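The structure under discussion appears below in the form of structure tokens.
Here, each number is a calculation from the coordinates, and none is a lab measurement. Predicted model only: the values in this text are computed from it and were never measured. Methodologically, a virtual Cβ is constructed for each residue, glycine included, from the backbone with ideal geometry; neighbour enumeration extends over all protein chains shown.
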Amino acid sequence: MIAFQRVHKRYPNGREALSEVSFDLASGEMAFLTGHSGAGKSTVLKLIALLERPTRGQVTVNGLVTSKVGSRGIPAFRRQVGVVFQDNKLLADRPIYDNVALPLVISGAARRDMDKRVRAALDQVGLLGKETSFPLELSAGEQQRVGIARAVITKPPVLIADEPTGNLDPDLALEVMNLFKRLNDVGVTVMVATHDVHLIERFRVRRIHIEHGQLAGMPPDVAA
Amino acid sequence: MSPPDAPHPARAARRSPLAALSSWLERHLQTLVASLGKLVRQPFATVLTLGVIALALALPACLHLVVVNASAVTAGVGKTVQLSVYLKLPMTPEQAGKVRQGIAARDDVAEAKLVTPEEGLREFESLSGFGDALKALEGNPLPYVVTLRPADRFDSPEAVETLAGELRALPEVDIVQADTEWVRRLNAILAALEQVVRVAALLLGLGVVAIAGNTIRLDINGRREEIEVIKLVGGSNAFVRRPFLYSGVWYGLGGGLLAWLLVATAVGFLAAPIERVAALYASTFRLQGLDARAVLVLVGGGAVLGWIGSWLTATYHLRRIEPTA
């Protein structure tokens, strides 16, 4: 579902973010992307969401080679990839309903359909009934869950998350991580970047470890 | 309609064309109303922008009215155009009478009158003050003259010139004098004014495009974050651009309507004094306002210009906003 083949990424400022990174994530698989800050975790996720393009090598997501997706194809490509951010990137001036419905509005869903699916997505993250609240009225954990609801509402085959628990205390972090696991259990391919080693020890999930832009001798893999 | 647990509903969603059309319409209608709502929520900025656009549109509209009304004032001048046809010498009264009849029978001639050499001489004496000098002449040197007035439908300078040319070609005719010069000048001035209107409309139209574009640019800068998020979750440039295009159309449409109001108010203020002036000249002239076609051009043109302005800036700027997260 996600395949990196000898991917190399150098930023315009000359920084070598990734070199010779290759891995494969099967459909329905889940993986934690681990490593220190600046190791290249974010770059991996940016390459998957086509926020960046590799300098060399090939990134394949959901059967599409990203280098073959032109700038006009990027929006349609991104709709196949749900993205959750550390700072959740909610629109503060819109109610939760509008925030969660945004991907549906973009893909042109009918109104009737939309109500049903927004409720289903909010139910999934345990926030049913918060439709008319505004993001800042919610706790950090709740905001993060709204971000997840938005990322999965179009049922994308791939879900990626960049430090989704970075701003949360341990209980909320565990709750959010459980949510990702549940989404994976229903068939979504999930990749979560995190440096929270203690948290991920509680999950029997594959780890992809990056150090200095390279895949490092992985800490003992746990079969998913 | 995809079942709730379908793996790829985005691709699986196959809808009937009618349903697709209705959802397309719904989305546009939503954006339309939402963009109007945004403008209403910031009334001060909106009114300022509308005012500037309205002024830019009202100016050429006013110039247009000046031309329209000046044309109306001068529309009747054809009735005062006269042609003098000097017949060749020598000519008998019978021959001259026949020529006059021939001229009077033409479709493009309203009336033709024969002036005999004797009448001509008397008129010349009384008008020129050369009476005594003329008496010294032997006999009467003046020819027969036919004076005529063109028919109403043929009173344009071009038609009068054509008529004069055809009369000149008659074998009995010596000289044809058509006093169309001042009508020509007047029409040339009006034509120049019309050109001024066109140039002003073009320049101020570009101004409207610039105003709408600049307003939209500020709007885009203020909503950068939102645009980035929309692009992050897969919104296309066209999707991001749509509300800005509607805003541009609203600005242009509102500006056009306001311009109409401004022009109508100005005409209302000027109508009475101008009618008083016209009455003093024994004229029934009434100041004309914008007709339906002009209003349509003003309001519709405003909307189109607003759309162009917003399209140009939105297309240019939105491409440059890319999510970085």
Item to complete: Find how many whole Å separate the alpha carbon centroid of region B:224-266 from the alpha carbon centroid of region A:69-119.
Response: 22 Å
Practice prompt. Over region A:90-155, calculate the relative contact order: mean separation of alpha carbon pairs under 8 Å at least 6 apart, over the residue count, as a percent.
Written response: 52 percent
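Could you compute how fast chain A diffuses translationally, taking Rh as the Kirkwood radius over C-alpha pairs and applying Stokes-Einstein at 37 °C with viscosity 0.692 mPa s? Give it in µm² per second. Don't jump to the answer; show the numbers that get you there.
Working: Rh = 17.8 Å.
The estimated diffusion coefficient comes to 184 µm²/s.
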Discussion item. Nothing charged except the Cβ atoms of Lys and Arg (+1) and of Asp and Glu (-1): what's the magnitude of the dipole of the protein assembly as shown about its Cα centre? Round to the nearest 20 debye.
Written reply: 2300 debye
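Report the FRET efficiency, 1/(1 + (r/R0)^6), for B:Ala104 and B:Asn140, where r is their Cβ-Cβ distance and R0 is 22 Å, rounded to 0.05. Before the final figure, lay out the partial values.
Working: r = 24 Å, r/R0 = 1.10.
Efficiency at R0 = 22 Å is approximately 0.35.
For B:Val208, B:Val40, which order do you get if you count the other beta carbons within 10 Å of each Cβ and list the fewest first?
Working: B:Val208 27, B:Val40 10.
Result, fewest neighbours first: B:Val40, B:Val208.
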Practice prompt. Let me know the mean shielding of A:106-119 by other chains, meaning the per-residue number of their Cβ atoms within 10 Å of its Cβ.
Written response: 4
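How much net charge surrounds B:Ser247 when only other residues with a Cβ under 15 Å from its Cβ are counted (Lys, Arg +1; Asp, Glu -1)? Write out the running numbers ahead of the final one.
Working: positive: B:Lys38, B:Arg41, B:Arg217, B:Arg223, B:Arg241, B:Arg242; negative: B:Asp219, B:Glu226.
Charge balance near B:Ser247 sits at +4.
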Discussion item. Mean-square fluctuation check for chain B, GNM, Cα pairs under 10 Å: which of B:Ala151, B:Ala200, B:Ala70 is largest?
Written reply: B:Ala151
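So how strong a dipole does region B:82-179 carry about its Cα centre when Lys and Arg Cβ are +1 and Asp and Glu Cβ are -1, to the nearest 20 debye? Please list the in-between numbers first.
Details: 10 positive and 18 negative charges, 44 e Å.
Value, rounded to 20: 220 debye.
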Worksheet item: Which FRET efficiency value, to the nearest 0.05, is calculated for B:Ile274 and B:Glu322 with the Förster distance at 60 angstrom and r the Cβ-Cβ distance?
Response: 0.55
Response to the item:
Net charge (Lys, Arg +1; Asp, Glu -1) of residues whose beta-carbon lies under 14 Å from that of B:Gly309, B:Gly309 excluded, is +1
Worksheet entry | Relative contact order (%) - criterion: Cα under 8 Å, at least six apart; region: region B:82-179 | 47 percent
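D for region B:107-179, whole µm²/s, Stokes-Einstein with Kirkwood Rh over alpha-carbon pairs at 10 °C and 1.306 mPa s: what number? Present the calculation step by step, with values, prior to reporting the outcome.
Details: Rh = 14.0 Å.
In µm²/s, the coefficient rounds to 113.
With a sphere of radius 11 Å drawn around the Cβ of A:Ile200, what net charge do the other residues whose Cβ falls strictly inside it have (Lys, Arg +1; Asp, Glu -1)? The partial results should precede the final answer.
Values: positive: A:Lys181, A:Arg202, A:Arg204, A:Arg206, A:Arg207; negative: A:Asp196, A:Glu201.
Residues close to A:Ile200 contribute a combined charge of +3.
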Practice prompt. Report ³J(HN,Hα) in whole Hz for each residue of region A:16-22, in order, from the Karplus equation J = 6.51 cos²θ - 1.76 cosθ + 1.60 where θ = phi - 60°; Gly and Pro get x.
Written response: 7, 8, 9, 9, 6, 8, 10
Discussion item. I'd like the Karplus ³J(HN,Hα) series for region B:157-162: coefficients 6.51, -1.76, 1.60, θ = phi - 60°, whole numbers in Hz, and an x wherever there's a Gly or Pro.
Written reply: x, 5, 5, 5, 4, 4
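Using Cα pairs under 8 angstrom and six or more residues apart, how large is the relative contact order of chain A, in percent? List each step's numbers first, then the result.
Details: 416 pairs, mean separation 66.6, N = 224.
Across chain A, relative contact order equals 30 percent.
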Worksheet entry | Averaged over A:68-76, number of beta-carbon atoms from partner chains that fall within 10 Å | 3
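In the protein assembly as shown, what % of DSSP beta bridges are antiparallel (nearest 5)? Please list the in-between numbers first.
On the way: 30 of 47 bridges.
Close to 65 percent.
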Practice prompt. May I ask for the distance between the Cα centers of region A:178-197 and region B:102-162, given as a whole number of Å?
Written response: 106 Å
Worksheet, complete the sentence: Among B:Ser71, B:Ser35, B:Ser22, the residue with the largest mean-square fluctuation in a Gaussian network model of chain B built from Cα contacts under 10 Å is B:Ser22
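Please report the antiparallel percentage of the DSSP beta bridges confined to chain A, to the nearest 5.
Working: 15 of 32 bridges.
That works out to approximately 45 percent antiparallel.
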Item to complete: For every helix of n ≥ 4 consecutive DSSP H residues, a contribution of -39,500 (n - 2.57) applies; sum these over chain B, divide by its total residues, and give [θ] at 222 nm rounded to the nearest 500 deg cm²/dmol.
Response: -24000 deg cm²/dmol
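Determine the shielding of peptide A:156-168 by partner chains: average, over its residues, the number of Cβ atoms on other chains within 10 angstrom of each Cβ. Working shown, then result.
Details: counts 6, 4, 0, 0, 0, 0, 1, 0, 0, 0, 0, 0, 0.
The per-residue average across the peptide is 1.
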Worksheet entry | Cα-derived Rg to Rh of region B:173-325, Kirkwood definition | 1.25
Worksheet entry | Unit charges at the beta carbon, dipole of region A:90-155: most positive-side option, A:Ala140, A:Gly108, A:Ala121 | A:Gly108
Item to complete: Sort the following peptides by mean Cβ neighbour count (other Cβ atoms within 10 Å, averaged over residues), highest first: B:25-31, B:51-57.
Response: B:51-57, B:25-31
Worksheet item: Given the Cα-Cα distance of A:Gln214 and A:Arg182 and 0.36 nm per residue of separation, how much length would full extension add, in nm?
Response: 8.6 nm
Worksheet item: For A:Arg119 and A:Ser37 in one chain, what is 0.36 nm times their gap in residues minus the Cα-Cα distance, to one decimal in nm?
Response: 26.0 nm
